[in-house]
Each structure stands twice: as structure tokens, then as C-alpha cells.
Amino acid sequence: MREQFTRNQKEFHQHYMISSLPGMRMGLIFTMVMFFCFVLFNTFFFRDAPETQFYNRFWIISPFIIISLGVTYFRRLYKWLHPIYILLNLGICFVVYFVGATSGYSEPGYEYYFAWVMLVVIGLFVFYRMPFRSLVIIGLLQVAAFIMACISNGFFAHRPIIFFSNLFFIIAMYSIGFIMAFTLRKLNWRNFMHQRTLAENNLRLKEEIMERKHAVEAFQLSEIQYHNTLNSIPDLIHVVDRDFRVVIINAALKDTHHNMGLPEDVIGKHILDVYPFMNTAGISELHDIFESGTISINELQIPIDGTTRFMENRKVPIFRNNKVVQVMTILRDRSKEREVDELKQRNAEQKGIMLREIHHRVKNNLTIVISLLDLQLRSNANPELRRIITDIEMRIRSMALIHEHLYRSENIDLIPLASYIHSLATIISSAFSGHRITLITSLDAAEVSIETALPIGLIANELLTNAYKYAFPGSMNGEIEIHLKQDADEMFTLTVSDNGVGLPDSFTLDSENSLGMFIVRLLVEQLDGALEIDREQGTSFIIRFKNLVVKKLNTL
């Protein structure tokens, strides 16, 4: 705070001195003119008067006045005005002493010496706008110079009463000058601070005006960009205020108005004057949006250019200060999209029909192959060949059964695995109906792709067939179980087990003597699964796998 005050004081002193230069210039010129006129008057009218010689001594001050006047015309010297005026006035102090000390107090005209000193003192306070402290000190030095001059020339010693009388007038003039300078400085200080405050306020006002100007320009640019953006959108857009009057309409809607014979100049008009066919439900919907601030979306059918257009009608609230002030209505033509969606739907239905027909035909063709194999089986008495044909027939039945499920399923991409395995197990169990074997199933419901179902069906066919053939020799009783479990990680576990005689000690999965086990091993690898064999209490084959389609989609 004090630093600011000191800075203001320095700026005020400089301002005070420079602002007083025109008045000082006029005062000094007037003083020089008066001196000149006084000298001319004495020269022409009182040439022989002895006082004239004394008065002429006062001209010694004229160089200081001329220099003080000349400095006011050189701007480069303005920053040194204070030291220059101090030096000049110190010189005037010397002049005051010199004139008085070199003059005899008995000389004619000496009685006006103190009057001249009074003029010098009052001129100091009137003409020079130096810092107040400098004025006080120099004024005191001028008074001191007068006192020393009177002491030097003996005036103080011989005429003390007149000396003190003259000194009184000089001090009185000094006091008057002091009061004038103090009052003038105080007034100028207030004026300076007021001007400074006004200048700061004016600067802030200019900055605020510029900010507002920039804000207005930015707002106008934003409005232009906003309207240009709206006009570039092919959707039909208009905006209404809380009085249901149109405030904005884009170019696409204007063109539509022109084509439909509706008014084009609609800004400021009520929405019902623009669209007289709008029902009360539309007005009520706008009113609800103004109150609730929610977005409304529905569909309309509007006749345009002789055709019915399916339009998406979207009403969006525009907020200001957390209050809905306007509602923007966006009409988007969905006719082409609707046609495309309908075409896609028809294509999907046709595709489904065609796929079902394909699966039906594949199933029929496989049934024909099974029938041909069955005929071949009946006409051949070779037991080994009959066994091979029977195995092939069962494998084809497992594939045909998949196509039958796809044909009957609502979803032609997925197969209900539990139902498929159950049907397959039932068919295999029927094929070995002469055995006294109980089939137990426990299958979790799951849907898998055909890429997964086909190898699982073939695996189940091989394992169930082998269990019926070899696990219970002769007329041995037993149980065959088939389980399907699905855990949280989309992992499936298929278990085919029996409580029969078990596998021989020489059995290995890598054996090439068993075509069935070779097929099982290849199919497990195709599924990226794992196969385990448990030989305790019969035989259990455990296959762990994932749905191939699900696995591929998750890796994308």
C-alpha cells in the first residue's frame, strides 16, 4: 500500500510540474514584459532619478527568468525539471543576497528592496510547481538571503525597526505563498487522484466495451455457424419458444414449405398459424416438454409430394439457466430406412426358409443313404461287413439327426445340444434293444453351433455304440450314463460312462486298430477340447470343450 502511495506521489509531482508549464510560461512572460515596461518608463521619464540606477540592479534576475521560461519549451528536459528549477531558484537566492549586500541602505530606492524580495518570494510559490518540500526550503533560503544581505550592508544594525518591519512583510508574503501553494497542491492532488480514478475506470470501461464487443462478435459468429449448421442438415427442423412461436426454421424445411404451399416467412408466427392441421395432441406434447424438459420421440406419416413419408418426430428441449426456453422439433425421413429394414426382414425370412429347406433335403438325402445301407445290410451275410455297415449307418444317423433339429428349430444357427444328444442316445439304445442295459441321461440345456454339435454327436455315437457292443458281453446287465454339464466359463463337459467290464490293459488312445477311437481323438482335437479316461468301476470318457462359434466371436 505504501509503495503504491509513493509511486502515486512521484507520478503526481511529475504531472503537477508538467501540467503547470503553460501557466508558468504565461506568468514568466508577463513578468518579463512588466520588467521591460518598468525599465522603459523609468528611462524615458525618470532618466536622471537616482532611484533608477538602483532599480536597474533588479535586472540581474532576468537570466534566471529567461532560462526558466526557455526550459518550458524543451520536452526532452521535462524529466529534469525539478533539479533545474532547484538550481535556478538557488541562483535567485544568491541574486537576492548580492543585490542587497552590494547596495547601501541609504541609497535612493533601497526602501523598495524588501518589496522586490516579496515579489521574488511570492513568484517562487506562484510560478514554480516543484514538490512542496522544495518550495518551503527554497523560500526559507530566499528569506535567509534577505536577512544576510541586510546584516552585510549594515541595514539591520542601523535601522532594526525598519528591518523587522520589512522582514514581517516578507514573512507575511512567504506565508501567503505557502498557504497558496499548499492549497493549490492539495486541490491538484485531489484532482490528480480523481483523474487517475477516472482514467482507470475509463480503461476498465474500454476493456469491458472491447470484451462485450468481442462477445457480441463471437455470439454473432456462433449464431451464423449455428444457422449454417442447421441449414446444412437435411432433416426438417424448426424451433418454437414458450409462446409456441417459431424462432428458427432451417433451409430444408423452407424448401418443403415451398413445395407443399405452406408459408415460408414463419419467424414469429404461432405454430398453429404455420401448421393449421396440427392437432391438440401436438400442442399438448410441446407443453409437456416445456414443463418436464424430457425428449419426445415418435413416428408420423406425412403426405409429401403425393407420397406418404414415414418420419421420425423428435422434440428436444433447449435449456437456459436450468429452464426450458425453446423446443427444437426434428423431422427425419425414415421411409428409405424402413424400406431397407423391410427388405432385410424379407430376405432374412427367405434365407431362413431356404436354410430349413436345405437342412430338410440334406436330412432326406442322408435318410436315403441310410436306407441304401440298410438294403445292403440285409443282402449281405458277411458278419464283419455287416458290422462295418451298421457303424457307418449309425454315424450317418447322428449327422442326419442334426439337420432334422435345425430344420425343426426356430433358430437355424443353433442346435439344442441336450435335446440332440438325448435323441441320438435314444436311437442308439433302440438299435441295441436286445440288451439288458439301462440308459441314464443328465443333460444341461444348452445351444451350440453346428460346428460344435456335429463332432459332439459323432463322439457320443462312437462312445455309446462301443459301450453297448463291448462293455457288457453276453447277456450281462448294466448301466450306461451320459452327462452334459456347463459351467460359468462357458465350458462344457460331456461324460459317457458304463459299469461294464472295462477297457483291456493294452488299450491306448493312440492305437490305430480301433477306427472309432481314432475318430473320437480327431474330433476332440477339432473341438480344441480335452479327453480323459477313467477306468475305475467300468469306463468313463470325459470330454471338455467350448462352443466353437462363441470362442471365435469372443476373440474378435
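Tabulated results
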quantity: Cα pair distances of the range 440-548 binned at 5 Å [whole percent]; calculated: 2, 11, 23, 25, 19, 12, 6, 2, 0
quantity: Residues H227 and R75, FRET efficiency given R0 of 60 Å [Cβ-Cβ distance, rounded to 0.05]; calculated: 0.65
quantity: Debye, to nearest 20: dipole size of the range 414-556, +1 on Lys, Arg Cβ, -1 on Asp, Glu Cβ; calculated: 300
quantity: Length gained when the stretch R334-E532 is fully extended (0.36 nm per residue, less Cα-Cα span); calculated: 65.5 nm
quantity: Using a Förster distance of 51 Å, the FRET efficiency for R245-S419 (Cβ separation, nearest 0.05); calculated: 0.20
quantity: For the range 115-222, projected area of the alpha-carbon convex hull averaged over all directions, nm²; calculated: 8.3
quantity: Simple spin-label estimate for I84 and R190 in nanometres, 7 Å along Cα-Cβ; calculated: 3.2
quantity: Dmax and Rg, reported as Rg then Dmax, of the range 2-202 (C-alpha, Å); calculated: 19.0, 65
quantity: Cβ-defined net charge surrounding G538, 10 Å radius [Lys, Arg +1; Asp, Glu -1]; calculated: -4
quantity: Extension gain (nm, one decimal) between I283 and Q345, 0.36 nm per residue minus Cα-Cα; calculated: 18.8 nm
quantity: Relative packing of 451-459, 320-328, 308-316, which averages over residues the other C-beta atoms within 10 Å, highest first; calculated: 451-459, 308-316, 320-328
quantity: FRET efficiency, I137 to I267 (Cβ-Cβ, R0 56 Å, nearest 0.05); calculated: 0.15
quantity: Dipole magnitude (debye, nearest 20) for the range 36-192, charges at Cβ of Lys, Arg, Asp, Glu; calculated: 940
quantity: Relative packing of peptides 262-275, 139-152 - highest average C-beta neighbours within 10 Å first; calculated: 139-152, 262-275
quantity: Extension gain (nm, one decimal) between E207 and R436, 0.36 nm per residue minus Cα-Cα; calculated: 72.0 nm
quantity: Listed pairs K344/K485; K79/K213; K344/K546; K79/K186; K213/K269 exceeding 27 Å between Cα atoms; calculated: K344/K485; K79/K213; K344/K546; K213/K269
quantity: Volume of the Cα convex hull of the range 107-160, divided per residue and given in Å³; calculated: 72
quantity: Separation in nanometres of the label points that stand 7 Å from Cα toward Cβ, at L40 and I179; calculated: 3.7
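Values in this text are rule-based calculations from the coordinates and carry no lab data. Nothing here was measured: the structure is a model prediction, and the numbers come from that model. Neighbour counts run over all protein chains shown; Cβ positions are idealised from the backbone, glycine included.
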